[in-house]
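Novice: Can you read through this structure? Questions will come right after.
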Amino acid sequence: MLVAGFLLFGSLSTPSAAEEAVHVPAPAVDLADTRSSATAIFAGGCFWGVEGVFSHVRGVTRATSGYHGGSAATANYDAIGSGTTGHAESVRVTYDPRIVSYGTLLRIYFSVITDPTTLNRQGPDSGSQYRSAIIPANASQRSVATAYLAQLARGRYWSAPIVTRIEAPQIFYPAEAYHQGFMERHPDHGYIRRWDAPKLANMRSVFPTLYVAAAAQ
């Protein structure tokens, strides 16, 4: 999502595979969580779009862009651009599991947010910082994510194998302030219009009862 990427990819008219919704089923295994608040972390390419979609999901109370997988010393946008820090551009989702389950968040993630078949690449962005990864907050989330990955693999909903990884939770570092709510604040930005707005449109189309117009902050 570098400025050069805007110039190179912003004028393309053919939709990318990552922009096409994939209609996957609900998880056969899900959590029955009666807490009023829970968190989960997802990495799926540029965090602008990941945050932008999750922030419009009913039951999500906050979506925060940040860095996960590396150290505090390299938890900044300039450093992670090297692709060598271990960090992935990630989003920490805070949600009410009585309204939206962890399994449903996974379903949205795979349906409209990430292409799980591209290794260290999403849309125009390449490098390990753009990897597709699920970071469960606890053993219960991990069991749901593991079962769902197996379920999706058996269903063969994509023409290539799933490479999305489940990663162990580490410290999540919120990104710089100018990244937070970027899609909401800059809807006419070239990158947002080309790569991320279609994801939100797909979310609204595929999950109309889960879409809310007002973004969670």
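The values are calculated or read from the model by the stated rules, or taken from the named source; none is laboratory data. Quick caveat, the model's predicted, so the values are computed rather than measured. Don't worry about glycine lacking a Cβ; one is built from the backbone with ideal geometry, like all the others, and counts go over all protein chains shown. Side chains are part of the model used for accessible areas, which takes the heavy atoms of the whole protein and leaves out ligands, DNA and RNA. Shrake-Rupley method; radii C 1.70, N 1.55, O 1.52, S 1.80 Å.
Novice: Write out the chymotrypsin sites (Phe, Trp or Tyr not before Pro) in segment 157-208 meeting two conditions: DSSP loop, and at most 15 other Cβ atoms within 10 Å of their Cβ.
Specialist: For chymotrypsin sites (Phe, Trp or Tyr not before Pro) across segment 157-208 that sit outside H, G, I, E and B with at most 15 neighbouring Cβ atoms in 10 Å, the list is empty.
Novice: Percent of accessible area on the chain owned by carbon and sulfur, 1.4 Å probe?
Specialist: 56
Novice: How big is Rg to Rh over segment 58-119, alpha-carbon atoms, Rh as the Kirkwood inverse-mean-distance radius?
Specialist: Ratio value, two decimals: 1.05.
Novice: Between [x] 0.93; [y] 1.04; [z] 0.99, which matches Rg/Rh (Cα atoms, Kirkwood Rh) calculated for the structure shown?
Specialist: From the options [x] 0.93; [y] 1.04; [z] 0.99, the structure gives [x].
Novice: For the chain, what is the charge dipole size about the Cα centre, in debye to the nearest 20, if Lys and Arg each add +1 at the Cβ and Asp and Glu each add -1 at the Cβ?
Specialist: So the dipole magnitude of the chain works out to roughly 460 debye.
Novice: Still on this structure, please answer the following. Rounded, prolate or oblate: which one fits segment 19-68, using the alpha carbon gyration tensor with axes a ≥ b ≥ c (rounded when a/c is under 1.5, else prolate when a/b beats b/c, else oblate)?
Specialist: Note, shape of segment 19-68 comes out oblate.
Novice: What does the charge count around GLU167 come to, taking other residues whose C-beta lies under 13 Å from its C-beta (Lys +1, Arg +1, Asp -1, Glu -1)?
Specialist: +3
Novice: Out of every Cα-Cα pair in segment 147-217, what percent are more than 15 Å apart?
Specialist: When all Cα pairs of segment 147-217 are counted, 73 percent exceed 15 Å.
Novice: Still on this structure, please answer the following. Taking only C-alpha pairs under 8 Å that are 6+ residues apart, what is the relative contact order of segment 124-207 in percent?
Specialist: 28
Novice: Which value, in debye to the nearest 20, describes the size of the charge dipole of segment 42-129 about its Cα centre when Lys and Arg Cβ atoms bear +1, Asp and Glu Cβ atoms bear -1, and nothing else is charged?
Specialist: So the magnitude is around 340 debye.
Novice: I've got another one for you. Show me the ranking of peptides 33-40, 130-137, 142-149 by mean Cβ neighbours inside 10 Å, starting with the highest.
Specialist: 130-137, 142-149, 33-40
Novice: For the chain, what's the relative contact order in percent, using C-alpha pairs closer than 8 Å and at least 6 residues apart?
Specialist: Reported relative contact order: 33 percent.
Novice: What FRET efficiency comes out for the pair ARG154/ALA21, r = Cβ-Cβ distance, R0 = 30 Å, nearest 0.05?
Specialist: Using R0 = 30 Å, I get an efficiency of 0.90.
Novice: Okay, moving on. HN-Hα J couplings of segment 37-46 from phi, Karplus 6.51/-1.76/1.60, θ = phi - 60°, integer Hz, Gly and Pro as x?
Specialist: Karplus-based 3J(HN,Hα) across segment 37-46 equals 8, 8, 10, 8, 10, 10, 10, x, x, 3 Hz.
Novice: Which helices, taking whole DSSP H runs in the chain, have alpha carbons extending 18 angstrom or more along the helix axis plus mean Kyte-Doolittle at least 0.0?
Specialist: 139-155
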